[in-house]
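Asks: Here's a structure for you.
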Amino acid sequence: MTRENELKSDAPLDERREQIKNAALKVFAKRGIEGTKMSMIAAEAGISQGLSYRYFSSKEEIFTLLVQEAIDEAQSAIRNIPNLPGSPREQFKSFTEKMLEDNHKYYFMLLQQAQTSEEVPMQVKQLLKQYQAEETISLFEPIFIKGQQIGEFCEGDPHKLLFLYFSVITGLMLQDIPNARGSWLQEVDILMKILTK
């Protein structure tokens, strides 16, 4: 353990838990729950494995907590869209920019791992029932329809167009291209062309 990490050992409980959770998020996002060990999380956090067990009893506990946080954050961002300033197009653009920020990538990857893994805890499976793509898209439809009515968005089935749009965004979030970090933010106007006239 380095001197810097030893000093961090005296960090307050909440700060240490956040440090471990942030490390776990990165490891789980890349390896899934099956491929992750507490020792890997501890190594990513720069602490001993024993110290990590003072804050969390198991990797399953951390994984479940992170999935809950990811779902809560996603739902909060979705509910906030009608409160964003501007027209429907501007609201969608702001939301898209937020989604493509680097710090959201690991949460998307985590949720993808949670949805495709056989080994997730039962509590995670129950949480994921709240996070259905179809329901998420339906929350966007009223804003999209308003945008169609005022001529900002292209004509067509709102559900299908939104499904296509979010499939592209999610696909970009899951790409692990080292030199592309943050570069998708520069392409938001191109991405918006999927929806706009």
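We did not get these values from a lab; they are worked out from the coordinates using the rules stated. Nothing here was measured: the structure is a model prediction, and the numbers come from that model. Using ideal geometry, Cβ is built from the backbone for each residue, glycine included, and neighbour counts are taken over all protein chains shown.
Asks: Of the listed pairs LYS59/LYS129; LYS93/LYS160; LYS30/LYS193; LYS26/LYS125, which have alpha-carbon separations greater than 23 Å here? Don't jump to the answer; show the numbers that get you there.
Replies: Details: LYS59/LYS129 21 Å; LYS93/LYS160 18 Å; LYS30/LYS193 31 Å; LYS26/LYS125 20 Å.
Table pairs above 23 Å Cα-Cα are LYS30/LYS193.
Asks: May I ask for the longest run of the chain untouched by GluC sites (Glu not before Pro) that are loop-located per DSSP and have at most 13 neighbouring C-beta atoms (other than their own) within 10 Å? Intermediate values should be presented prior to the final figure.
Replies: On the way: sites that count: GLU34, GLU101, GLU118, GLU119, GLU155.
In the chain, the maximal stretch lacking such sites is 35-100.
Asks: Between the DSSP loop rule and a limit of at most 13 other Cβ atoms within 10 Å, which chymotrypsin sites (Phe, Trp or Tyr not before Pro) in the range 18-70 are left? Kindly include the intermediate steps, with their values, before the conclusion.
Replies: Details: sites: PHE28, TYR53, TYR55, PHE56, PHE63; in loops: PHE56.
Filter output for the range 18-70: empty list.
Asks: With the contact rule set at Cα under 8 Å and sequence spacing of 6 or more, what percent relative contact order holds for the range 96-173? Can you show the working numbers first?
Replies: Values: 26 pairs, mean separation 28.5, N = 78.
Averaging sequence separation for qualifying contacts and normalising by length gives 37 percent for the range 96-173.
Asks: Calculate the radius of gyration of the Cα atoms of the range 74-134 to one decimal place, then report Dmax, the largest Cα-Cα distance, as a whole number, both in Å.
Replies: Just the Cα atoms of the range 74-134 yield Rg and Dmax of 14.1, 43 Å.
Asks: Relative contact order of the range 50-162: what whole-number percent is it, with Cα pairs under 8 angstrom and at least 6 residues apart? Display every interim value, and only then the final one.
Replies: Details: 58 pairs, mean separation 35.4, N = 113.
The value is 31 percent.
Asks: Whose amide H sits under 5 Å from the amide H of THR196, counting only residues 5 or more places off or on another chain, with H placed in the peptide plane?
Replies: So THR196 has HN proximity to CYS154.
Asks: Next question. From the residues VAL168, ILE145, ILE71, which one has its Cα farthest along the dipole of the chain in the positive direction, the dipole being from +1 and -1 charges on Cβ of Lys/Arg and Asp/Glu about the Cα centre?
Replies: Of the options given, the answer is VAL168.
Asks: Out of every Cα pair in the chain, what percent are spaced more than 24 Å from each other? Mind dumping the intermediate values first?
Replies: Details: 9258 of 19306 pairs.
Taking all Cα-Cα pairs of the chain, the fraction more than 24 Å apart is 48 percent.
Asks: Please list the three semi-axes, largest first and in whole Å, of the ellipsoid equivalent to the range 1-111, using sqrt of 5 times the eigenvalues of its alpha carbon gyration tensor.
Replies: On the way: eigenvalues 209, 45, 28 Å².
The answer is 32, 15, 12 Å, longest axis first.
Asks: Explain nothing, just the number: relative contact order of the chain, from Cα pairs under 8 Å at least 6 residues apart, as a whole percent.
Replies: Details: 174 pairs, mean separation 44.4, N = 197.
Across the chain, relative contact order equals 23 percent.
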